[in-house]
Amino acid sequence: GMQSSLGGVNSIRSVFITARRMASSNEKIMNMNALNPQVKTMEYAVRGPIVIRAVELEKELANGVSKPFKSVIKANIGDAHAMGQKPITFIRQVLGAVANPALLSTDLPSDVKNRTETILGGCGGKSVGAYSQSTGVDVIRKHVAEYIQRRDGGAAVDPENVILSGGASESIRNVMKLFINRQGGRKVGFMVPIPQYPLYSATIEEFGLGQVGYYLNEENKWGLDEAELVRSYNESLKEFDTKVIVIINPGNPTGQVLPRENIEMIIKFAKKHNLFIMADEVYQDNVYAEGSQFHSFKKVLMSMGAPYDKMELASFHSVSKGYMGECGLRGGYVEFANIDPDVYVMFKKMISAKLCSTVLGQAVIDTVVNGPREGEPSYVQWKKEKDAVLASLKERAVLVEQAYGSIEGITCNPVQGAMYAFPQIHLPEKAIKAAKAIGQEPDFFYAMRLLESSGVCIVPGSGFCQKPGTYHFRTTILPQPDLMRDMLTRFKTFHEKFMAEYK
């Protein structure tokens with residue numbers, strides 16, 4: 001009888017084990033109910049469902065599945081090197097040598113060698129494999145400060161106010177994090193341009209902050225009207241404690257470059273309403289339109305004199321855009337002006353918990369702010385490469401605006417700067433109804449159809465926010481000229497068919 005009773009115990013135990021397994025399979029500790037609700041509601045369209053589908057289509061093509069197109073063209077993300085842009089020789093030579101100092105004994109140009117030695121001299125154990133201070137390698141911060149001073153033609157910049165980070169995104173998120181404060185019982189409001197780069201909407205949602213949109217004026221080349229700032233701010237106060245204004249200049253996704261008068265107006269507005277300014281200036285090297293010129297917020301603020309030159313400002317730059325396009329290396333910085341010294345101590349404490357940004361990314365920042373000078377051996381080639389990249393981008397900026405502008409049912413503002421166009425699609429009522437019938441935003445519906453039938457991947461305007469009742473998409477100007485022409489041909493063919501179908 002011993003066996004049978006044990007058998008009984010074992011079968012009971014196995015029932016228990018099975019029951020527990022069943023419970024655990026659908027009762028994960030971290031399940032969707034337990035998940036931070038702000039993570040569920042945040043969205044980042046630039047890498048959203050359409051892009052995920054584009055990657056699947058690429059795999060299907062690679063596996064020999066027959067499609068109406070031979071390749072997928074990704075115009076969704078501002079990734080220059082992925083679209084065939086070649087890296088700048090000087091940048092990569094310095095990067096190679098800091099990563100592998102054995103190269104210093106080869107015949108590298110002398111300016112590459114001295115830049116490398118300077119950077120390594122600032123690293124622990126003379127190696128980029130060492131942690132830097134949380135704020136970044138000191139000598140690189142000094143070079144950034146000198147660059148800002150040269151760029152703005154102003155007074156000396158204190159390197160202590162410069163903090164290096166993994167791309168500008170990390171600095172932007174860090175500054176935003178300072179404003180998470182529930183004490184007043186209301187969310188802190190952030191004024192962001194609409195359309196905006198979804199880093200802002202996503203982070204605002206993730207951090208439980210308040211998004212306050214101010215509309216750019218599409219009828220006036222995506223310009224900014226003071227009346228709209230006033231409307232947006234006043235309306236926001238019903239719900240939020242609005243403390244920050246974000247400006248993206250040159251614009252993403254809209255490609256406009258703010259004239260100086262506009263910047264002065266924004267600064268005066270921010271002063272009047274006690275707003276902290278965040279100036280996202282990562283496209284400062286990307287200005288194409290005749291008569292357009294980049295003015296940094298720092299320069300304008302300082303040149304306006306008292307009381308404006310005492311206003312709080314955080315401005316951001318990056319190695320990912322410009323002529324460099326070094327997105328994957330994750331180098332960027334924030335420069336603070338007039339920040340409360342006690343708050344600054346706290347900011348540095350907060351970032352120290354993440355140790356430091358990648359030192360290779362910091363080295364790339366150095367090559368950008370401390371490039372070859374006239375008379376140095378690398379200068380001629382560096383200048384030729386840089387000018388060629390920017391000239392080619394300018395050519396594509398014009399090509400894109402003209403091409404989209406010539407297609408019936410699409411209007412497109414000039415691409416004055418940055419790397420994107422944000423054309424408006426005048427969708428037929430029938431298409432809008434068809435999209436809503438399946439629970440999709442009309443521009444998402446359009447973009448998904450475009451992808452499935454032509455292999456062209458763009459981001460629908462709804463991912464950037466847009467004026468209600470208008471539909472847009474963002475496309476980069478990064479495909480190389482031949483690919484760009486191919487893309488525009490595919491696009492036009494699709495668009496004409498689509499419009500005919502939903503007339």
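The values are calculated or read from the model by the stated rules, or taken from the named source; none is laboratory data. From a predicted model like this one, the values you see are computed outputs, not experimental measurements. Backbone-built Cβ (ideal geometry, glycine too); neighbour counts: all protein chains shown. For the accessible areas, the whole protein counts, side chains as well, though only heavy atoms, and no ligand, DNA or RNA atoms are used. Shrake-Rupley method; radii C 1.70, N 1.55, O 1.52, S 1.80 Å.
Just a few scattered comments:
- Under 21 Å of direct C-alpha separation, and excluding same-chain neighbours fewer than eight residues apart, residue 28 reaches these lysines: 40.
- Sequentially through the stretch 305-316, phi angles give Karplus couplings (6.51, -1.76, 1.60; θ = phi - 60°) of x, 5, x, 5, 6, 10, 6, 7, 8, 10, 10, 10 Hz, Gly and Pro residues having no value and appearing as x.
- Within the straight-line cut-off of under 30 Å between alpha carbons, the lysines reachable from residue 503 are 67, 70, 74, 221, 430, 433, 436, 467, 492, sequence neighbours fewer than 8 places apart in one chain being disregarded.
- 3J(HN,Hα) couplings calculated from phi for the stretch 433-441 with the Karplus curve 6.51 cos²θ - 1.76 cosθ + 1.60 (θ = phi - 60°) are, in sequence order, 5, 4, 5, 5, 4, 9, x, 10, 5 Hz; Gly and Pro show x.
- Stokes-Einstein diffusion coefficient of the stretch 188-231, Kirkwood radius over Cα pairs, 4 °C, 1.567 mPa s, in µm²/s: 117 µm²/s
- Residues whose amide H lies under 5 Å from that of residue 223, counting only those 5 or more places away or on a different chain, are 217; hydrogens are built 1.01 Å from N in the peptide plane.
- Amide H contacts of residue 213: 192, each under 5 Å away and 5 or more positions distant or on a separate chain (H built 1.01 Å from N in the peptide plane; Pro and chain starts excluded).
- FRET efficiency for residue 70 and residue 482, using Cβ-Cβ distance with R0 set to 22 Å, rounded to 0.05: 0.95
- Stretch gain in nm, segment residue 225-residue 440, where the contour uses 0.36 nm per residue and the Cα spacing is subtracted: 74.2 nm
- Prolate/oblate/rounded label for the stretch 252-327 (Cα gyration tensor, a/c 1.5): prolate
- Potential extension, residue 489-residue 237 segment - 0.36 nm per residue separation minus Cα distance: 86.0 nm
- Note on residue 271: aspartates and glutamates with a C-alpha under 14 Å away, same-chain residues under 8 apart excluded, are 226, 309, 312.
- Here the stretch 414-464 and the stretch 280-325 have alpha carbon centers that stand 31 Å from each other.
- Nonlocal amide H pairs with residue 472, under 5 Å, H built at 1.01 Å: 425, 461, 462
- Relative contact order (%) - the chain, alpha-carbon pairs under 8 angstrom, separation at least six: 21 percent
- Residue 433-residue 354 pseudo-label distance in nm [points 7 Å out on the Cα-to-Cβ vector]: 4.9 nm
- Globularity index of the stretch 224-296, i.e. its alpha-carbon radius of gyration over 2.2 N^0.38 Å: 1.17
- With protein chains left intact and a 1.4 Å probe, residues in the stretch 66-184 average 45 Å² of accessible area per residue.
- Taking N as its residue count, the alpha carbon Rg of the chain over 2.2 N^0.38 Å: 1.10
- Under the Karplus curve 6.51 cos²θ - 1.76 cosθ + 1.60, θ = phi - 60°, whole-Hz ³J(HN,Hα) for the stretch 197-206, x wherever Gly or Pro sits: 7, x, 3, 6, 4, 5, 6, 4, 5, 4
- Percentage relative contact order, the stretch 347-503, counting C-alpha pairs under 8 Å, at least six apart: 20 percent
- Accessible surface of the stretch 418-503, 1.4 Å probe, proportion on carbon and sulfur as whole %: 58 percent
- Note on the stretch 76-227: with neighbouring protein chains present and a 1.4 Å probe, carbon and sulfur make up 49 percent of its accessible heavy-atom surface.
- Taking only protein heavy atoms and a 1.4 Å probe, the accessible area of the stretch 334-415 is 59% carbon and sulfur.
- Anisotropy class of the stretch 154-230 from Cα gyration tensor, a/c 1.5 cut: oblate
- Extended-chain gain in nm, criterion 0.36 nm per residue less alpha-carbon gap, residue 156 and residue 303: 51.6 nm
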